[in-house]
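Notes follow once the structure below has been shown.
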Amino acid sequence: MDILLVVSVLIIIFLVSVFYFFSTYNRLKSLRNAADATLSQTRVAMKKRLDMIEQLVEAVKSYAKFEKDTFEKITSLRANVGKAGTGELKKIDVESRGILGNIIAVAENYPALKTSETVTSLMTSVKDIEDEIARHRYTYNNIIQEYNTMMDTIPSRFIGRSAGMSKKEYLDFFDEELKKPVVSWG
């Protein structure tokens, strides 16, 4: 009878351990997949912003000369945003904000351009996309915080590492990235 009790307890401990292992593994996988999906949504929003910037350049170019380099830079950034990791997304964000800042500076010098319905509409779209990017970054960083916390705590750390998982990088920002471009005139 004592052997049966010991075997039963060992089987229960084993089953609980297996259940815990798989539920922790599934939670880590779920968080990782959610982070990847949110990062993809961030990439899509950044591509939309680059598309809007290109349309703004087209709308503004009759008032100011934009170098061929500006168009090539936008095309290059758009091509790279789809496969960019978190580090590359930071660089693309800084560069696209710089181009947008130049467009805004040009538009400020031309009152007729500031009141153009096309330009005003595009600037509103850029503002909306900026807000969308901020929401995606916020969501991504929250998911990564939970994921990385699980990867830092025991026993989920061992479960994650045994499955080949590692901590993920946050979408953190430098001071120049935190300055949201002013996209309205008023």
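What follows draws every value from the coordinates through simple rules; no lab data is involved. None of the values given here were measured: they were computed from a predicted structure. In this analysis, Cβ positions are derived from the backbone assuming ideal geometry, glycine residues included, and neighbour counts consider all displayed protein chains.
Brief remarks follow.
- Distance from the alpha carbon centroid of the range 12-50 to that of the range 104-138 works out to 34 angstrom.
- Listed by chain and number, the lysines whose alpha-carbon sits under 23 Å from that of Lys29, ignoring those within fewer than 8 places in the same chain, are Lys83, Lys167, Lys168.
- Between Tyr170 and Thr75, full extension at 0.36 nm per residue minus the direct alpha carbon distance yields a gain of 31.6 nm.
- Based on Cα contacts under 8 Å between residues 6+ apart, the chain shows a relative contact order of 33 percent.
- Residues Ala134 and Asn33, FRET efficiency given R0 of 22 Å [Cβ-Cβ distance, rounded to 0.05]: 0.50
- Full extension of the segment from Val6 to Lys61, taken as 0.36 nm per residue of separation minus the current Cα-Cα distance, would add 11.6 nm.
- Full-extension gain in nm, Tyr25 to Thr118, via 0.36 nm per residue minus C-alpha separation: 28.4 nm
- Mean projected area of the Cα convex hull of the chain, taken over all directions, amounts to 13.2 nm².
- Computed over neighbours whose Cβ is under 13 Å from that of Ser125, the net charge equals -4, Lys and Arg +1, Asp and Glu -1.
- Exposed trypsin sites (Lys or Arg not before Pro) absent: longest stretch of the chain, with sites in DSSP loops and at most 11 other Cβ within 10 Å deemed exposed: 84-178
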